[in-house]
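Shown next, in structure tokens, is the structure this report addresses.
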Amino acid sequence: MTEHYQHRARKRFGQNFLHDAGVIDRILRSIHAKPEDRLLEIGPGQGALTKGLLNSGGQLDVVELDKDLIPILNQLFASQPNFHLHQGDALKFDFTSLNAAPNSLRVVGNLPYNISTPLIFHLLNNAGLIRDMHFMLQKEVVERLAAGPGGGDWGRLSIMVQYHCRVEHLFNVGPGAFNPPPKVDSAIVRLVPHAVLPHPAKDHKLLERVVREAFNQRRKTLRNTLKALLSNDEIEAAGVDGSLRPEQLDLAAFVRLADQLAIQPAPAAD
Ligand code: SAM
């Protein structure tokens, strides 16, 4: 459908428009939207996913940054009463303004790759509103999101996202499905916020700090990388072996380290 419009894809907006009908259909089937759903699409572009989302009958809010795409989206969808268009930056969008019930928002997006990580964190600040998220991301990012401890993909992104969500790597998508084709492979991921956090930290900010510090130098032992925050005795008091490297620890162990830090007088942030 993209051929009908005069819009030239813009690199600075991360525009790679989906044109493969089979891939679009597979994404929509994974989402399986229903008439009672509250849907939010980030970066609808020229509407490749938007059309199918609206056809579900659910209420759909879309947030698109590129002003030139607004008339195209309006021309395509403004006549549909379940379509609600917001022009602006999704990174600054106030999701509470949608007045969605807790645990109701279903977020969807073939995301511009340059904003995907900050956007996921921005959404997770409102995790209580969200029922699930389906995103197209760089395959490498999906592998990091879905990783388990012990390998090179396990790091800050995996830990901080898995703190809030169950992560499912659904399927991969090659560059040929997009126009223009990106230089990298892509994948679809499903993120489902936990109803109850499996490993709640006393202080989320301290968890962020411990994880950031630990992975600053991932080849070093924890007793080295965490020196500024916790002594070896304090690391051991959290039930963690200080001679391990950060990638060997699971989420629960990082939470124990953060909770240990919560009971120490916290050193000033650098
Ligand atoms: N959903 C369409 C598709 O699948 O063909 C477009 C996907 S394209 C990879 C990313 C879209 O996000 C573009 O339409 C781009 O203009 C939009 N975009 C880029 N940065 C954005 C931001 N900060 N907030 C909202 N939309 C943004």
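Remarks
- Residue within the stretch 141-157 that is modelled with pLDDT of 95 or more, closer than 11 Å to V189 by Cα and either in contact with a Lys or Arg (Cβ under 6 Å, 6 or more places away or on another chain) or within 16 Å of the ligand (Cβ to nearest atom) (or both) present: yes
Conditions (1) more than 8 Å from the ligand (Cβ to nearest atom); (2) under 21 Å from K183 (Cβ atoms); (3) not in a helix (DSSP H, G or I), marked per residue:
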{"residue": "R12", "(1), (2), (3)": "yes, yes, no"}
{"residue": "Q15", "(1), (2), (3)": "no, yes, yes"}
{"residue": "D25", "(1), (2), (3)": "yes, no, no"}
{"residue": "L28", "(1), (2), (3)": "yes, no, no"}
{"residue": "E36", "(1), (2), (3)": "yes, no, yes"}
{"residue": "L39", "(1), (2), (3)": "yes, no, yes"}
{"residue": "L53", "(1), (2), (3)": "yes, no, no"}
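- Taking every residue in the stretch 125-148 that is part of a loop (DSSP other than H, G, I, E, B) and pairing it with any residue that is acidic (D, E) and at pLDDT below 95, at least 6 positions away or on another chain, yields no pair with a Cβ-Cβ distance below 6 Å.
- Candidates G239, G152 - the one that is in contact (Cβ under 8 Å) with a residue 60 or more places away in the chain and either loosely packed, with under 14 Cβ neighbours inside 10 Å or over 21 Å from the mean Cα position of the chain (by Cα) (or both): G152
- The stretch 65-101 - residue that is under 21 Å from S116 (Cα atoms) and among the aromatic types (F, W, Y) and, of those, surrounded by the most Cβ atoms within 10 Å (Cβ to Cβ): F93
- The set of residues in the stretch 102-118 that are more than 12 Å from the ligand (Cβ to nearest atom), surrounded by fewer than 21 Cβ atoms within 10 Å (Cβ to Cβ) and more than 11 Å from the chain's Cα centre (by Cα) comprises P102, N103, S104.
- Close contacts from the stretch 57-74, counting a first residue that is under 17 Å from L111 (Cα atoms) and assigned to a strand (DSSP E or B) and a second that is more than 6 Å from the ligand (Cβ to nearest atom) and of a type in the set (F, W, Y), with Cβ to Cβ under 7 Å and a gap of 6+ residues or different chains, come to L60/F83; V63/F93.
- Residue match in the stretch 80-100 (condition: more than 13 Å from the ligand (Cβ to nearest atom), out of contact with any helix residue (DSSP H, G or I) (no Cβ under 6 Å at 6 or more places or on another chain) and in contact (Cβ under 8 Å) with a residue 60 or more places away in the chain): yes
- Any hit, the stretch 110-119, residues being assigned to a loop (DSSP other than H, G, I, E, B) and more than 14 Å from C165 (Cα to Cα): yes
- H7 vs. criteria over 21 Å from G174 (Cα atoms), surrounded by 13 or more Cβ atoms within 10 Å (Cβ to Cβ) and in contact with an Asp or Glu (Cβ under 9 Å, 6 or more places away or on another chain): yes
The values are calculated or read from the model by the stated rules, or taken from the named source; none is laboratory data. Only a predicted model underlies this, so the values are computations on that prediction, with no experimental measurement involved. Methodologically, a virtual Cβ is constructed for each residue, glycine included, from the backbone with ideal geometry; neighbour enumeration extends over all protein chains shown.
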